[in-house]
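Scroll down for the structure; my scribbles are underneath it.
FYI, it's all coordinate maths here, none of it is from the lab. Please read all numbers here as calculations on a predicted model, not as lab measurements. Backbone-built Cβ (ideal geometry, glycine too); neighbour counts: all protein chains shown.
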Amino acid sequence: MYTLALETSCDETSAAVIEDGRHICSNIISTQVPIHRKFGGVVPEIASRQHIEYVLPIIKEALDTAQVTLADIDHIGVTYGPGLVGALLVGVAAAKAISFAADKPLVGVNHMEGHIFANFLSHPELEPPFLALVVSGGHTQLVQINGYNSFKLMGQTRDDAAGEAFDKIARVMGYPYPGGPQIDKLAKEGNPDAIAFPKALHEKHNFEFSFSGLKSAVLNYLHTQEQRGQSYNAADVAASFQKTVVETLVEKTMDAASYCGAKKIAVAGGVSANSGLAAAMSAACADKGYAFYRPDPILCTDNGAMIGCRAYYMALDGRFADLTLNAKPALPITSD
Ligand code: ATP
Ligand code: MG
Ligand code: FE
């Protein structure tokens, strides 16, 4: 069975062809990062226009690379939320048009569920149940994956997402968008114990996150140093900040795992590409005897393949959409 999948929720235009849910035949990703970089972040209007320009050539490239035609495709999956409304609309409109014209069933996919399903592409042996930590540019969530179509949201961030904190701190330190990979690199040369930054909501069995206090503390530190006319050690700031985020994520995930009896932990989303998080989570899992999963780096950030994998398991369960499918910018994760 072949799935054609589209992803246009933010600043990547991507199309993929997936065979039987887990085999990537093609995964074409056109990133707009260099275009948005000069503005220090994603400009929604520019993102929508870029998607319009690229979506059809990228679909064609995905089909050509997979050496299939539309006639071979069994269903079309598309991200319909959460994300930027104008960006989402481009993918949704394209998918609906192809679905109608080629008479192929349509599947509306939740972007965050797609991030989690990237793990199935990188780990053929992985099956539910497991606990997922989703850490991306706009979300931080702990989700129990009880079946391919059965999820339970345990907690999420009350304010900033983990990725958002990485990006804002990097921006103030003068690094280009997106800042996460820059902080990751810088942190390797710094002392993680150089500066003590605060942790929020760290009481037991609290599965909610808050990163805005930490973000403010780091920004205050940078401003204070500046006002005093003192320089700061960027590597130490990056390492100390990253350590605080990573410890919070690992502590809460381990607490959640023992609370719900999970034996397998999977991370997902752009921040799961962070080397410090991967090292700390994998060590904590080894210590507790849990299996640890992380998608290949290219599948951590936005891509069509993860949407195709999620669409396949929805299609198997008969969860199809009709042509009234619309973009839902604040779509919540499906929680039982
Ligand atoms: P969402 O999925 O919540 O809608 P998004 O799609 O914009 O948001 P992703 O593409 O999943 O987010 O991830 C992008 C985020 O990941 C950015 O905030 C980026 O800085 C962060 N990121 C990418 N690589 C790393 C890294 N190595 N370390 C830390 N953060 C990283
Ligand atoms: Mg992106
Ligand atoms: Fe994303």
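A few comments on the model shown:
- Measuring between alpha carbons in the structure, the pairs from Lys104/Lys264; Lys60/Lys96; Lys199/Lys328; Lys168/Lys199 lying more than 25 angstrom apart are Lys104/Lys264; Lys199/Lys328.
- Orientation-averaged projection of region 70-115 equals 3.2 nm² [convex hull of Cα atoms, one quarter of hull surface area].
- Ordered by the number of other Cβ atoms lying within 10 Å of each residue's own Cβ, fewest first, Glu189, Glu113 fall into the sequence Glu189, Glu113.
- Stokes-Einstein D in µm²/s, Kirkwood radius over Cα pairs - the chain at 10 °C with 1.306 mPa s viscosity: 78 µm²/s
- Oblate is the label for region 63-146, because a/c, from the alpha-carbon gyration tensor with a ≥ b ≥ c as root eigenvalues, is 1.5 or above and a/b does not exceed b/c.
- Top positive-direction residue, dipole computed over the chain with Cβ charges, set Leu63, Gln227, Val90: Gln227
- Euclidean distance between Cα centres, region 236-286 to region 49-125, Å: 30 Å
- Bridge orientation summary for the chain: considering DSSP beta bridges with both residues in this region, about 60 percent are antiparallel.
- Net lengthening on full extension, Asn233/Tyr259 (0.36 nm per residue, minus Cα-Cα): 5.5 nm
- Taking other C-beta atoms within 10 Å as the exposure proxy, Lys152, Lys204, Lys104 rank Lys204, Lys152, Lys104 from fewest upward.
- Placing +1 on the Cβ of every Lys and Arg and -1 on the Cβ of every Asp and Glu, with no other charges, gives the chain a dipole of roughly 580 debye about its Cα centre.
- Fewest-first ranking of Val68, Val107, Val250, Val78, using other Cβ atoms within 10 Å as the exposure measure: Val68, Val250, Val107, Val78
- Annotation: extensible slack from Ala286 through Asp193 equals 31.1 nm (criterion: 0.36 nm per residue apart, minus Cα-Cα distance).
- Rel. contact order, % - alpha carbon contacts under 8 angstrom, at least six apart, the chain: 26 percent
- Potential lengthening between Leu70 and Asp336 on full extension [0.36 nm per residue; Cα-Cα distance subtracted]: 92.3 nm
- Cα-derived Rg to Rh of region 225-312, Kirkwood definition: 1.11
- Estimated from the Cβ-Cβ distance and a Förster radius of 35 angstrom, the FRET efficiency linking Gln225 and Asp159 is about 0.90.
- The calculated FRET efficiency for the pair His202 and Arg49, based on their C-beta separation and a Förster distance of 45 Å, comes to about 0.55.
- For region 1-135, the calculated P(r) over all alpha carbon pairs, in 10 Å bins from 0 to the bin holding the longest distance, is 12, 42, 34, 11, 0 percent.
- Distance between the 7 Å Cα→Cβ label points at Asn326 and Val172: 3.9 nm.
- Projected label distance in nm at Asp103 and Ser216, using a 7 Å step from Cα toward the beta-carbon: 6.0 nm
- Gyration tensor (alpha-carbon) shape descriptor, region 128-295, a/c threshold 1.5: prolate
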